[in-house]
Amino acid sequence: MKALTHNLFSIGVGLYLVLRIEQRPALDALLVIWLALATNEVIDILGHWKRGGIPVRSFVTHSVFTAPIWGIAVAFSSLWFVSLVTGRPAGVDQLSLGLGLGVVLAYAHLFLDALTEGGVYYGRRRV
């Protein structure tokens, strides 16, 4: 249920931004959906450790400082892969949109986690 909530919220935030700032939102909607799903998956896979058999969030991905780095990494690698497949490099506007969405979607994930009892990390301190 948590993954569904994270994905729907992230897709909603991303689509809202794309519809507000982009001239061709239909093409960028696919980018939003992919980045939302990929960013949430990376943060959750790499960001949960077991301590005493109980899964807990890790500062590696659930910190306000590290989450945007993971979002940028997912966005950059996705744009790089698309440019390899299509044979056309991403332009500055596509790169800016993709990297910006990576950051926003990572913070959307953290926002939802901050509302739970597990909280998020500010550096290595949980808040």
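Checking each residue in region 32-48 for being in contact (Cβ under 8 Å) with a residue 60 or more places away in the chain and more than 21 Å from Glu117 (Cβ to Cβ) picks out Val32, Leu35, Ala36, Thr39. If we scan region 69-81, do we find a residue that is free of Cβ contacts under 8 Å to residues at least 60 places away in the same chain, closer than 21 Å to Tyr16 by Cα, surrounded by fewer than 20 Cβ atoms within 10 Å (Cβ to Cβ) and β-branched (Val, Ile, Thr)? There is at least one residue in region 69-81 that is free of Cβ contacts under 8 Å to residues at least 60 places away in the same chain, closer than 21 Å to Tyr16 by Cα, surrounded by fewer than 20 Cβ atoms within 10 Å (Cβ to Cβ) and β-branched (Val, Ile, Thr).
Among the residues making up region 108-127, those that are part of a strand (DSSP E or B) and either surrounded by 14 or more Cβ atoms within 10 Å (Cβ to Cβ) or under 12 Å from the mean Cα position of the chain (by Cα) (or both) are Tyr121, Arg126.
From the list Arg57, Arg51, Arg20, which residue is over 17 Å from Leu105 (Cα atoms), without any contact (Cβ under 8 Å) to a residue 12 or more places away in the chain and over 14 Å from the mean Cα position of the chain (by Cα)?
Exactly one residue qualifies, and that residue is Arg51.
Values quoted throughout were computed directly from the atomic coordinates according to the rules given, and no laboratory measurement underlies them. Keep in mind that what you see is a predicted model, and the values were worked out from it rather than measured. In this analysis, Cβ positions are derived from the backbone assuming ideal geometry, glycine residues included, and neighbour counts consider all displayed protein chains.
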